[in-house]
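The values are calculated or read from the model by the stated rules, or taken from the named source; none is laboratory data. Just so it is clear, the structure is predicted and the values come from calculations on it, not from any experiment. Neighbour counts run over all protein chains shown; Cβ positions are idealised from the backbone, glycine included. With ligands, DNA and RNA removed, areas are computed over all heavy atoms of the protein, side chains included. Shrake-Rupley method; radii C 1.70, N 1.55, O 1.52, S 1.80 Å.
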Amino acid sequence: MNKVKKSNIKESNLKRKKKKYSMKSIDYGLLCAILVLLFIGIVMVYSSSSYYALYQKDVYNSEFYFIKEIIWSTVGIVGMFLTMSLDYHLYKKWTPWLVLITLGFLVIVLFAGANINGAIRWIRLGPLSFQPSELAKYVVVLYLALLIDKRKGKIRKFKEGTIFYLAIAGVFALLILLQKNLSITAIVMMVAFIMILVGGAKLSHLFSLVPVGLAAGIALIFTQSYRLDRLTSFLNPWADPSGDSYQLIQSLYALGSGGIFGVGLGNSRQKALFMPEPHNDFIFAIIGEELGLIGCVAIIVIFMFIVIKGATIAIKARDNYGFLLGIGIISVIAIQAIINIAVVSGSMPVTGVPMPFISYGGTSLVFNLGAVGILLNISRQSKEEEL
């Protein structure tokens, strides 16, 4: 009888565990919010780029960027549903290979990168271009999540924990910095900082390094003349309105012209060859002009909803690896959105960070959607209260 009772207890415990970690439906709230942003992005890319594309050399087609954005959105959605259907634990096996591949791409771009708009950050693949730094942001998240989870208690130590993990992220950041891409470099290190913090590192260890990070950032700005010019133009935009401050001033004109309700979809004046490439990093300014303060606030609210949803999914993840992975993914999206809005509104110096899911750009869009797919898979395996 005792054996029968013990076996019954074991079976009931197994059933309870299965219920606790059973597969369920994805977080449809997050999925819907992402699709809404994607739809807004497609519409605004068409609105902001139509005039620019019509008069661009070798294009002369108002729908050029709109069609490409639809193609990349389709590829990104397929990628999102693919990663959503894959158990996120599989990335533990694939991460070492992804690290090697990404580092290889980051080195290749230094020697054989294509010059696009004066920056060498892309690898040409026939008619397509690929930006390795966009992949690197998420590979760093995958790698740190794997290492922090695998090495457990090491996170509480200074050299073997905090310094070690920051050094890992620093290798990727250095290769990106050599491409003269300080903004993505900063994003990689900020995401690493957040992941190490939530991973259990001592606050005294992390915050003792903050002055070092700030000093390094200031040094990087003052050692490159173009970065220093961006800083001075930010501090006083009207000192050089036709030079380094031109894009920022056009952005402020666009936001100011929009008022509360905007001038109407498609009626932007700044996109008519005043704002350089209005469909890229400064698309939020065109949104402000055409949809007004209400449109801008709506997009900010959607991003806030996505960040809250992402953080909630991470907290409810079935294991520490899923928690770290979720926090890392949502941190990349949140930091990019904050920086983009800050730049467009003149709250920080101009830097090239696209707005997630809205700015034009195939590489960024595909990897962002793929990362959201991983987050949705984590939501399928979240903890449930025991019955």
**Request:** Quick one: in the range 326-358, of everything that is crowded, with 24+ Cβ neighbours inside 10 Å and among the small types (Gly, Ala, Ser), which residue is nearest to Ile40 (Cα to Cα)?
**Result:** Ala337
**Request:** All but one of (1) touching a helix residue (DSSP H, G or I) at 6+ places or on another chain (Cβ under 9 Å); (2) under 21 Å from Ile335 (Cβ atoms); (3) free of Cβ contacts under 8 Å to residues at least 12 places away in the same chain hold for Leu175, so report the exception by its number.
**Result:** (3)
**Request:** Check Tyr60 against each of (1) over 22 Å from Leu142 (Cα atoms); (2) modelled with pLDDT of 95 or more; (3) not β-branched (Val, Ile, Thr) and name the one condition it does not meet.
**Result:** (2)
**Message:** I'd like to check something: does the range 56-65 contain any residue that is out of contact with any strand residue (DSSP E or B) (no Cβ under 7 Å at 6 or more places or on another chain), of a type in the set (Val, Ile, Thr) and within 21 Å of Ile327 (Cα to Cα)?
**Reply:** no
**Prompt:** Would you pick out the residues in the range 109-132 that are among the polar types (S, T, N, Q), open to solvent by less than 70 Å² (accessible area, probe 1.4 Å) and not in a strand (DSSP E or B)?
**Reply:** Gln131
**Asked** Out of the range 297-318, which residues are within 13 Å of Val344 (Cβ to Cβ) and either among the charged types (D, E, K, R) or buried (at least 21 other Cβ atoms within 10 Å of the Cβ) (or both)?
**Response** Ile299
**Message:** Quick check on my filter: what residues within the range 167-180 are open to solvent by 60 Å² or more (accessible area, probe 1.4 Å) and touching a strand residue (DSSP E or B) at 6+ places or on another chain (Cβ under 8 Å)?
**Reply:** Lys180
**Prompt:** Give me the pairs: first residue in the range 333-354 and at positive phi, second residue among the hydroxyl-bearing types (Ser, Thr, Tyr) and open to solvent by less than 30 Å² (accessible area, probe 1.4 Å), beta-carbon distance under 8 Å, and six or more apart or on different chains, which are they?
**Reply:** Gly346/Ser251
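Each row is one residue, and each column tells you yes or no for (1) among the polar types (S, T, N, Q); (2) part of a strand (DSSP E or B); (3) over 24 Å from Phe357 (Cα atoms).
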position: Leu35; (1), (2), (3): no, no, no
position: Leu38; (1), (2), (3): no, no, no
position: Val43; (1), (2), (3): no, no, no
position: Tyr46; (1), (2), (3): no, no, no
position: Ser49; (1), (2), (3): yes, no, no
position: Ser73; (1), (2), (3): yes, no, no
position: Trp97; (1), (2), (3): no, no, yes
position: Phe105; (1), (2), (3): no, no, no
**Prompt:** Just to be sure, is Glu277 touching a Ser or Thr at 6+ places or on another chain (Cβ under 6 Å) and of a type in the set (Asp, Glu)?
**Reply:** no
**Request:** List the helices (runs of 4 or more DSSP H) that sit entirely inside the range 282-387 and contain at least 2 residues that are in contact with a Ser or Thr (Cβ under 8 Å, 6 or more places away or on another chain) and closer than 25 Å to Phe234 by Cα.
**Result:** 283-315, 320-344
**Request:** Run down Tyr52, Tyr65 and say which single residue is open to solvent by less than 30 Å² (accessible area, probe 1.4 Å), touching a residue at least 60 places away in the same chain (Cβ under 8 Å) and over 15 Å from Leu369 (Cα atoms).
**Result:** Tyr65
